[in-house]
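Participant: Okay, handing you the structure first.
The values are calculated or read from the model by the stated rules, or taken from the named source; none is laboratory data. Just so it is clear, the structure is predicted and the values come from calculations on it, not from any experiment. Cβ placement follows ideal geometry from the backbone for every residue including glycine, while neighbour counts extend to all protein chains displayed. We work out accessible area using only protein heavy atoms, side chains counted, and drop any ligands, DNA or RNA first. Shrake-Rupley method; radii C 1.70, N 1.55, O 1.52, S 1.80 Å.
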Amino acid sequence: MKLNNSKMDCTSLLLAIANDRDESAFKKLFYHFYDDLVHFSASITNDFNSSEDLVADLMLKVWTEPKDILSIKNIKTYLFKAIKNRSLNYLSRSKTHEYYLSHPHLNDVPSTPEDLLISKEFIKQFNQLVDKLPPKTKMAFILVKDNLCSYAEAAEIMEISTHTVDRHIQIALQRLKAELEKNNSLINSEL
């Protein structure tokens, strides 16, 4: 389930989880955010399996400590910020910074019918270009373009201003456009 494709009342779900220990409400919340959180985490860790574990641990915390989440104003921002921190902690604990820089981002799951039409090779090459972006620019790009966060949400998650998010997006788009134009064969081979 994509975050912005269906508006759901997260506040009601959180209340049902905290007050009634409602498993179906937890499942709805879990599945609503799971894919996007895993892909966001994997964009930081470059380890899809570990990202799945990190997200599962975060969601377990939501289930086991539900009273803590009632004070959260925006659960989407909270979850993305929490998974960003967990992913960064994972990197520092496991000392995989070299691994992060040397392995391409894995994203084989098509998210829209349009993605199904684009070849896996093009997606792989595009993801490699995204991986070459500076870390903060890459994070802003993934939050805004892949996870459909607003600039304000991305700014809160990254703990920067919305103007800085905007600048990171501009840089990302300029660099990606230049690389795609430079690799004209990348575009022509897919047309």
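Participant: Percent of accessible area on the stretch 11-94 owned by carbon and sulfur, 1.4 Å probe? Please list the in-between numbers first.
Facilitator: Working: 1960 of 3910 Å².
Carbon and sulfur: 50 percent of the exposed surface of the stretch 11-94.
Participant: Turning to a different aspect of this structure: What does the highest-first list of 164-175, 73-84 look like by mean Cβ count within 10 Å? Show your work: numbers first, answer last.
Facilitator: Working: 164-175: 17.2, 73-84: 18.8.
My ranking of the peptides, most packed first, is 73-84, 164-175.
Participant: A further question on this structure: Take each of the peptides 57-66, 141-150, average the number of other beta-carbon atoms within 10 Å over its residues, and list them starting from the highest. Display every interim value, and only then the final one.
Facilitator: Details: 57-66: 14.8, 141-150: 19.6.
Final packing ranking: 141-150, 57-66.
Participant: Taking 0.36 nm per residue of separation and subtracting the Cα-Cα distance, what length does fully extending Asn19 through Ile160 add?
Facilitator: Working: separation 141, 0.36 × 141 = 50.76 nm, distance 3.42 nm.
Net length gain for the segment: 47.3 nm.
Participant: Pop the C-beta distance of Lys61 and Lys132 into the FRET formula with R0 = 30 Å and round what comes out to the nearest 0.05.
Facilitator: Working: r = 33 Å, r/R0 = 1.12.
The formula returns an efficiency of 0.35 here.
Participant: Still on this structure: For the stretch 17-87, what is the accessible area per residue in Å², given a 1.4 Å probe and the full set of protein chains? If you can, show how the numbers build up before the last one.
Facilitator: Working: 3130 Å² over 71 residues.
Heavy-atom SASA per residue in the stretch 17-87 reads 44 Å².
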